[in-house]
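Heads up, the thing below is written out as structure tokens.
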Amino acid sequence: MDFTTDDWEFRLDDTPADVSISTNEELLPFISTTKAWEQYSDPVIYETDKLIRDWISIMRKNSRWCSNVYRRKYTMSMIFEQIYGRPYDQKIDAKKTNKMQKVLAYYSTRVQTGGSIDRKKYTKTIYTISPKRVDKPPYSLRLRVEWLAEQGKIPTYQNMRMPKDDLEPGHARNPRTDKNMQRRREQARKIYVERYKGR
């Protein structure tokens, strides 16, 4: 499959795109695991990653957005509506949820299990988007091939490694921030236990 042309059709369905190894011989040394091939050929991951990168690239032109961490906090449904142009619909979009969460975590500096956005409390997962993360290679391996081509680079074992899904809810990418989050969580737990002790 040649994804560098416009001669292909993107479809959001349950069937992953077929990947013919024989027609991707140049990528064989660098995408050799089943998990990597599945990620490379996943249309939802590819389209979501592409839309999120385009959205961040536009948003980071706004200096106020970049400099104020509170302006960069979103729930998944908030970002979904901005990149797809319609509200998130659980009935038809549920199959995208887990994949989109992984992509969003990749472009975040912090993932919270709840919190406030514009002084409104949310119990849903909140992502603090990083404007600098789009300078990193795309999450989607298929999109990464295009990204490398734009820079005149060829895929290698090093630059085509699977992205790490290591930023879980309740953690931050910066070790100091992560430590502070854990400390505040522990303090809140102690206050809760003390308040309701003996009830």
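Details
- Meets criteria (over 26 Å from residue 65 (Cα atoms), modelled with pLDDT of 90 or more and among the hydrophobic types (A, V, I, L, M, F, W, C)) for residue 141: yes
- Inside region 49-72, residues that are in contact with a Ser or Thr (Cβ under 6 Å, 6 or more places away or on another chain) and loosely packed, with under 12 Cβ neighbours inside 10 Å make up a count of 0.
Residues checked against (1) surrounded by fewer than 17 Cβ atoms within 10 Å (Cβ to Cβ); (2) of a type in the set (Phe, Trp, Tyr); (3) in the same structural domain as residue 46 (by TED's automatic domain parsing); (4) part of a helix (DSSP H, G or I):
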{"residue": "96", "(1), (2), (3), (4)": "no, no, yes, yes"}
{"residue": "110", "(1), (2), (3), (4)": "no, no, yes, no"}
{"residue": "134", "(1), (2), (3), (4)": "no, no, yes, yes"}
{"residue": "146", "(1), (2), (3), (4)": "yes, no, yes, yes"}
{"residue": "156", "(1), (2), (3), (4)": "yes, no, yes, no"}
{"residue": "160", "(1), (2), (3), (4)": "no, no, yes, no"}
{"residue": "163", "(1), (2), (3), (4)": "no, no, yes, no"}
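The values are calculated or read from the model by the stated rules, or taken from the named source; none is laboratory data. Source: prediction; values computed, not measured. Note: ideal-geometry Cβ built from the backbone for every residue, glycine included; neighbour counts use all protein chains shown.
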